[in-house]
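A.B. asks: Got a structure here, written out as structure tokens. Questions coming.
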Amino acid sequence: MDDLKNLVRTIPDYPKPGILFRDATTLFGHAQGFKAAVAQLTEPYRTQRIDAVAAIEARGFIIGGAVADRLGCGFVPIRKRGKLPWRTLSQEYALEYGTDVVEVHTDAIGQGARILIVDDLIATGGTAEAAVKLIRRSGGEVAGAAFLIDLPELGGVARLKSLGIAPHALMAFEGH
């Protein structure tokens, strides 16, 4: 795990002073590291029935597509408001200052479908919680949530556990 962790770039004071931004794009750009990360992220779900991976825009699409391919299942994009071309379900969630909205197509998730949420990073868990709510409102069942990076001080994993979701993260970074 330390080898993968060393492939994640830390950018200080981005997007604002005091923040340590954990940039997974350097991991994505390392062929063996990316392959290992996908394998390790997929492993806990390999023997489960997963009908689709629902990945959160935008870096989540990179890892989520690879996980869906590895699991042999479908892919559902969860996008910011106004980016999907057809009828959508929307879910608002809180940001540090204000709110934002994510959406999914109304026909993307079948009744009873087992969905794995995937994103590159979990911080406060607000976006992941919104994804859980969208999947449930669509009639799907959340089979789990997988992240490359956890920022434990921000409480996102605990937030998902309180919703009955068992999160899986490959690595954790202290600080935020």
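A.B. asks: Condition (residue is out of contact with any Ser or Thr (no Cβ under 9 Å at 6 or more places or on another chain) and more than 28 Å from E174 (Cβ to Cβ)) applied to region 32-46: is it met by at least one residue? Can you show your working first?
C.D. replies: Within region 32-46, the first condition is being out of contact with any Ser or Thr (no Cβ under 9 Å at 6 or more places or on another chain), and the residues that meet it are 32, 34-46.
Now narrow it down to the ones that are more than 28 Å from E174 (Cβ to Cβ): 46.
The answer is yes; a qualifying residue exists.
A.B. asks: Out of all the residues in region 71-81, which are out of contact with any Lys or Arg (no Cβ under 9 Å at 6 or more places or on another chain) and either free of Cβ contacts under 8 Å to residues at least 12 places away in the same chain or in a strand (DSSP E or B) (or both)?
C.D. replies: Of everything in region 71-81, those that are out of contact with any Lys or Arg (no Cβ under 9 Å at 6 or more places or on another chain) and either free of Cβ contacts under 8 Å to residues at least 12 places away in the same chain or in a strand (DSSP E or B) (or both) turn out to be G72, G74, F75, V76, I78, R79, K80.
A.B. asks: Which condition number does D51 fail, the rest of (1) more than 18 Å from I122 (Cα to Cα); (2) in contact with a strand residue (DSSP E or B) (Cβ under 7 Å, 6 or more places away or on another chain); (3) free of Cβ contacts under 8 Å to residues at least 40 places away in the same chain being met?
C.D. replies: (3)
A.B. asks: In region 19-64, which residues are under 19 Å from R9 (Cα atoms), part of a loop (DSSP other than H, G, I, E, B) and modelled with pLDDT of 95 or more?
C.D. replies: A24, G29, H30
A.B. asks: Also: Name every residue in region 48-74 that is under 15 Å from the mean Cα position of the chain (by Cα), under 18 Å from E141 (Cα atoms) and not hydrophobic (A, V, I, L, M, F, W, C), in order of residue number.
C.D. replies: Within region 48-74, just G64 meets the criteria.
A.B. asks: Another question about this same structure. Restricting to region 7-48, name every residue that is of a type in the set (F, W, Y) and out of contact with any strand residue (DSSP E or B) (no Cβ under 8 Å at 6 or more places or on another chain).
C.D. replies: Selection gives F28, F34.
The values are calculated or read from the model by the stated rules, or taken from the named source; none is laboratory data. Just so you know, these numbers come straight off a predicted model, no measurement behind them. Counting neighbours? That spans all protein chains shown, and the Cβs are built from the backbone with ideal geometry, glycine included.
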